[in-house]
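A.B. asks: Take a look at the following structure, please.
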Amino acid sequence: MVRELTPNRWNWSQKDNMWVFIECKADGDLTYYYQMDPPEEFNELTYKIKILNDKLMACTDPNENAKIFRQMIKISKRLQCMDRIC
């Protein structure tokens, strides 16, 4: 089953093998923007995951560990939403 792309945000299109942004105009028309490089949001979220992972590896407090892990899960879900409807 092919996943639908979500308007007004970046999506990964497996069919086109590139990133696509679908702009939904007020009159209902859709404009598609394509790019090969990942969007800035993707890069920022990936960097945040890396920083949190480094903190998680160094953390010894179980409560702080759980807090960091929950933050990582939240960011991970946002990353997953970039290639499908969430």
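The values are calculated or read from the model by the stated rules, or taken from the named source; none is laboratory data. None of these values were measured; they are calculated from a predicted model. Cβ: placed from backbone, ideal geometry, glycine included. Neighbour counts: every protein chain shown. Keep in mind that these areas ignore ligands, DNA and RNA; they rest on the heavy atoms of the full protein, side chains included. Shrake-Rupley method; radii C 1.70, N 1.55, O 1.52, S 1.80 Å.
A.B. asks: Conditions: (1) loosely packed, with under 10 Cβ neighbours inside 10 Å; (2) modelled with pLDDT under 90; (3) not in a loop (DSSP other than H, G, I, E, B). Residue 63 meets all but one. Number of the miss?
C.D. replies: Against the list (1) loosely packed, with under 10 Cβ neighbours inside 10 Å; (2) modelled with pLDDT under 90; (3) not in a loop (DSSP other than H, G, I, E, B), residue 63 comes up short only on (2).
A.B. asks: Now, a different point. In segment 32-60, how many are in a helix (DSSP H, G or I) and within 12 Å of the chain's Cα centre (by Cα)?
C.D. replies: 10
A.B. asks: Residues of segment 1-11 being out of contact with any Lys or Arg (no Cβ under 6 Å at 6 or more places or on another chain) and either open to solvent by 100 Å² or more (accessible area, probe 1.4 Å) or modelled with pLDDT of 95 or more (or both), which ones?
C.D. replies: Result: 1, 2, 4.
A.B. asks: While we're looking at this one, here's another question. Taking the conditions exactly as written (among the aliphatic types (A, V, I, L, M) and in contact with an Asp or Glu (Cβ under 9 Å, 6 or more places away or on another chain)), does residue 57 satisfy them or not?
C.D. replies: No, not satisfied.
A.B. asks: Here's another thing I want to ask about it. Looking at this structure, is residue 67 over 24 Å from residue 14 (Cβ atoms) and either among the hydroxyl-bearing types (Ser, Thr, Tyr) or within 16 Å of the chain's Cα centre (by Cα) (or both)?
C.D. replies: Numbers: over 24 Å from residue 14 (Cβ atoms): yes; either among the hydroxyl-bearing types (Ser, Thr, Tyr) or within 16 Å of the chain's Cα centre (by Cα) (or both): no.
For residue 67, the condition - over 24 Å from residue 14 (Cβ atoms) and either among the hydroxyl-bearing types (Ser, Thr, Tyr) or within 16 Å of the chain's Cα centre (by Cα) (or both) - is not met.
A.B. asks: Would you check which residues across segment 12-36 are polar (S, T, N, Q) and either in contact with an Asp or Glu (Cβ under 6 Å, 6 or more places away or on another chain) or open to solvent by 100 Å² or more (accessible area, probe 1.4 Å) (or both) and list them? It would help to see each step written out before you state the result.
C.D. replies: Taking segment 12-36 and keeping what is polar (S, T, N, Q), we get 13-14, 17, 31, 35.
The answer is 14, 31.
A.B. asks: So which of 70, 78 ends up being part of a helix (DSSP H, G or I) and loosely packed, with under 12 Cβ neighbours inside 10 Å?
C.D. replies: Result: 70 is the single residue among 70, 78 that is part of a helix (DSSP H, G or I) and loosely packed, with under 12 Cβ neighbours inside 10 Å.
A.B. asks: For residues that are free of Cβ contacts under 8 Å to residues at least 24 places away in the same chain and of a type in the set (Ser, Thr, Tyr), scanning just segment 37-60, find the one that is surrounded by the fewest Cβ atoms within 10 Å (Cβ to Cβ).
C.D. replies: Filtering first and then ranking leaves 60.
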